[in-house]
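The values are calculated or read from the model by the stated rules, or taken from the named source; none is laboratory data. Keep in mind the model is a prediction, meaning the values are calculated, not measured. Cβ coordinates were reconstructed from backbone atoms using ideal geometry, including for glycine residues, and neighbour counts include every protein chain displayed.
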Amino acid sequence: MKNNRRQFLKYGLAGVGCVFTNLSAIATTSSFIENFSKSDKLWKWSKEGDFYTETPRGIKCLICPNECTLKLNEVSVCHNRINIDNKIYTMAYGNPCAAHVDPVEKKPLYHFLPSSKAFSIATAGCNLACLNCQNWTISQFSPKETQNYDLMPGQVVSKCIEMNCESIAYTYSEPLTFYEYTYDTSKIARENNIKNILVSAGYINEKPLRKLSKVIDAANIDLKSFSEDIYLHLNAGKLEPILNTLKILKEENVWLEITNLVIPSWTDDMDMIKKMCDWLYENNFADTPLHFSRFHPLYKLTQLPATPLATLEKARNTALNSGLKYIYIGNVPGRNSQNTYCPNCKELLIERKGFTILKNSIINGKCPNCNESINGVWE
C-alpha cells in the first residue's frame, strides 16, 4: 500500500492537474529517518520555523489555533513541524510533493485574472483532519512519507515564469502548515511581478496571517460549515478562527473568495446555510464570491451519496436571498450557475464551461450593459 501511495503521488493527484515529470523526485522515508536520527543534524528540507515560544511543557507552535506544544523530537498534528534542540523546525521547505499548472478557475477563483494560469504547489501535511478530504493521501501524511520534488522558493518562481504562469498557488493540502515555504516563495514572486494565491481552510492565528497577507494577492478560504460542533467532529477544528481569517484578509485587501462544501447529513442544513450567508452579508462580504461545492463520496465518508443538485440550488437561492451577489455551484460541470451575471441588470458577463472561459464581456471592471461595478481583479 505504501509503495502504491508513493507512485500515486509521484505522477499526480486525481483531479488536480498534470504533474511536471521533468522535476527531479527526491526524499524517501529512509533518508528522512537517517537525517533526523541525530538531533544535531537536520535534513536538507528543514528550516527553523516562525512563531513559536518556549513553555514549561515544551515548545509551543503559534502558527495555528492547534498551538501544539512539542517535547524534544515530537512532531505537530499537522505532520510537518518538529522540536529539534528546543527549536521548532518545519520539515516542509523546498520539498513539494505536487507541482502542477492549473487554470485559476480551478482554485476556485472566478473573479481573479480569468483564464490565467497558476503554478500550483503543495507539501504534505494539514492542521485539520477532515473526514471528507479529497487530497488525504498528502494532507494526512508527513513530508517523510511522500515522494517529493527538490524545489526551493527561487526555483518555484523560475518554474512559474518558465511555464508562463501569472501566479503561484499554494494549495491541495494546507499551505499554512508549510508557512515558511509559502511566505518566502511569495516574497520572491512579488519581486518578480508574480501574483500569489492562498487556497486554504484558513485555520491560522492572527499574527502570522497578517504577516502572510502582505505578500498574498488572492485567497480562496474553505468555510466548511457554520457550526462549532460540526467543525469539531467533521474537521477537528473550530469555526471562530476561520471567521477571523475572513475578516483579516478583507482588512488586508487580499482578494477573497469563499468555498462551502455541501455534504449530505453534515453541512446541508438550510437553516445553518442561511445563518452563514446572513453573517457574510452583515460582515460586508456581499460582494465576495461564494462557491457552493458538490460533495462526492471520498476518504472516510464513502457511505454518503453525492450532494443532490436540488440541495445545491436551494443553497444558492438561500445565499441570493440573503443579499450575496455572486453565488456559484462547483463540481457540477455544464450548469449556468458557474457563470457570472451582473447583480444589477442580470446580463451574462462571464460564460464558463468547466474551467474554460467562453465569454468575458467585463470592461474595466464594469458591466457593459448598465455600467455596474463588478467586484474582482480583472487585469
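Details
- Filtering ASN371, ASN336, ASN375 for residues that are in contact (Cβ under 8 Å) with a residue 12 or more places away in the chain, polar (S, T, N, Q) and out of contact with any helix residue (DSSP H, G or I) (no Cβ under 8 Å at 6 or more places or on another chain) leaves a single hit, ASN375.
- The set of residues in the range 244-260 being of a type in the set (A, V, I, L, M) and closer than 17 Å to LYS214 by Cα consists of LEU246, ILE248, LEU249, VAL254, LEU256.
- All of LEU312, LEU358, LEU304 fail the test of being hydrophobic (A, V, I, L, M, F, W, C) and in a strand (DSSP E or B), apart from LEU358.
- Per-region count, the range 262-280, residues in contact (Cβ under 8 Å) with a residue 40 or more places away in the chain and either of a type in the set (S, T, N, Q) or surrounded by fewer than 17 Cβ atoms within 10 Å (Cβ to Cβ) (or both): 7
- Verdict on HIS296 being part of a strand (DSSP E or B) and at pLDDT 95 or above: no
- Any hit, the range 284-300, residues being surrounded by fewer than 19 Cβ atoms within 10 Å (Cβ to Cβ) and of a type in the set (A, V, I, L, M, F, W, C): yes
- Selected residue (criterion: surrounded by the fewest Cβ atoms within 10 Å (Cβ to Cβ)) from residues of the range 177-202 that are under 23 Å from HIS111 (Cα atoms) and in contact (Cβ under 8 Å) with a residue 60 or more places away in the chain: LYS195
- Close pairs (6 angstrom Cβ cut-off, 6 or more residues apart or separate chains): more than 18 Å from ASN196 (Cβ to Cβ) and of a type in the set (Val, Ile, Thr) in the range 114-129, part of a strand (DSSP E or B) and modelled with pLDDT under 95 anywhere: none
- Selection of the range 94-146 for residues being on the phi > 0 side of the Ramachandran plot and surrounded by fewer than 22 Cβ atoms within 10 Å (Cβ to Cβ) yields LEU113, SER115.
- Residue match in the range 339-349 (condition: polar (S, T, N, Q), crowded, with 19+ Cβ neighbours inside 10 Å and either within 17 Å of VAL104 (Cα to Cα) or touching an Asp or Glu at 6+ places or on another chain (Cβ under 8 Å) (or both)): yes
- Conditions (1) in contact with a His (Cβ under 7 Å, 6 or more places away or on another chain); (2) surrounded by 22 or more Cβ atoms within 10 Å (Cβ to Cβ); number of the one not met by LEU256: (1)
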